[in-house]
Amino acid sequence: MANWIEAFAADSVTNEDVKRFDHGGITYAIYRSPEDLYYATDGLCTHEKIHLADGLVMDHTIECPKHNGRFDYTTGVAKGAPVCVNLKTYPVKVDNGTVFIDIG
């Protein structure tokens, strides 16, 4: 069952960037792709629980700021050592200029 939560204004995250969103004691990362699409993952790296919103976004990849582990933010798939556990992903929609995340 969908549980859509309002995150923030769509224009508050720039293209090819990431923004942190906290809700209910959980941290999420919401991305805006070069194609102007929005994606969401868990907000902490699966390796050492570092905030991914402080990382580098490039070519649909988020790189953790601590050990440079990489994930495909569109699928959550771990792409580079030291990360080996995928990120959980969440559906995102934009409605009337606002980003919503389905935390299910």
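The values are calculated or read from the model by the stated rules, or taken from the named source; none is laboratory data. This one's a predicted model, so the numbers in the text were calculated from it and none came from an experiment. So basically every Cβ, Gly included, is an ideal-geometry build from the backbone, and we count neighbours across all protein chains shown.
Structure data summary
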{"quantity": "Residue tally, condition surrounded by fewer than 17 Cβ atoms within 10 Å (Cβ to Cβ), assigned to a loop (DSSP other than H, G, I, E, B) and in contact with a strand residue (DSSP E or B) (Cβ under 9 Å, 6 or more places away or on another chain), over the range 9-36", "calculated": "5"}
{"quantity": "Every residue from the range 54-69 that is in contact with an Asp or Glu (Cβ under 9 Å, 6 or more places away or on another chain) and either among the hydrophobic types (A, V, I, L, M, F, W, C) or surrounded by fewer than 19 Cβ atoms within 10 Å (Cβ to Cβ) (or both)", "calculated": "Leu56, Val57, Met58, Asp59, His60, Thr61, Ile62, Cys64, Pro65, Lys66, His67"}
{"quantity": "The lone exception for Tyr39 - which of (1) surrounded by 15 or more Cβ atoms within 10 Å (Cβ to Cβ); (2) part of a loop (DSSP other than H, G, I, E, B); (3) of a type in the set (Ser, Thr, Tyr) it fails", "calculated": "(2)"}
{"quantity": "Residue check, Gly104 assigned to a loop (DSSP other than H, G, I, E, B), out of contact with any Gly (no Cβ under 9 Å at 6 or more places or on another chain) and in contact (Cβ under 8 Å) with a residue 40 or more places away in the chain", "calculated": "yes"}
{"quantity": "Total residues in the range 65-80, condition in contact with a strand residue (DSSP E or B) (Cβ under 9 Å, 6 or more places away or on another chain), over 18 Å from Ile26 (Cα atoms) and in a loop (DSSP other than H, G, I, E, B)", "calculated": "6"}
{"quantity": "Residues satisfying the stated conditions in the range 14-51, i.e. in contact (Cβ under 8 Å) with a residue 12 or more places away in the chain, among the aliphatic types (A, V, I, L, M) and within 20 Å of Arg70 (Cα to Cα)", "calculated": "Val18, Ala29, Ile30, Ala40, Leu44, Ile50"}
{"quantity": "Residue within the range 83-101 that is of a type in the set (Gly, Ala, Ser), assigned to a strand (DSSP E or B) and surrounded by fewer than 16 Cβ atoms within 10 Å (Cβ to Cβ) present", "calculated": "no"}
{"quantity": "Looking only at the range 42-64, and only at residues there that are charged (D, E, K, R) and assigned to a strand (DSSP E or B), the one that is farthest from Ile30 (Cα to Cα)", "calculated": "Glu63"}
{"quantity": "Some residue of the range 42-51 being buried (at least 21 other Cβ atoms within 10 Å of the Cβ), within 10 Å of the chain's Cα centre (by Cα), within 19 Å of Val99 (Cα to Cα) and modelled with pLDDT of 95 or more", "calculated": "yes"}
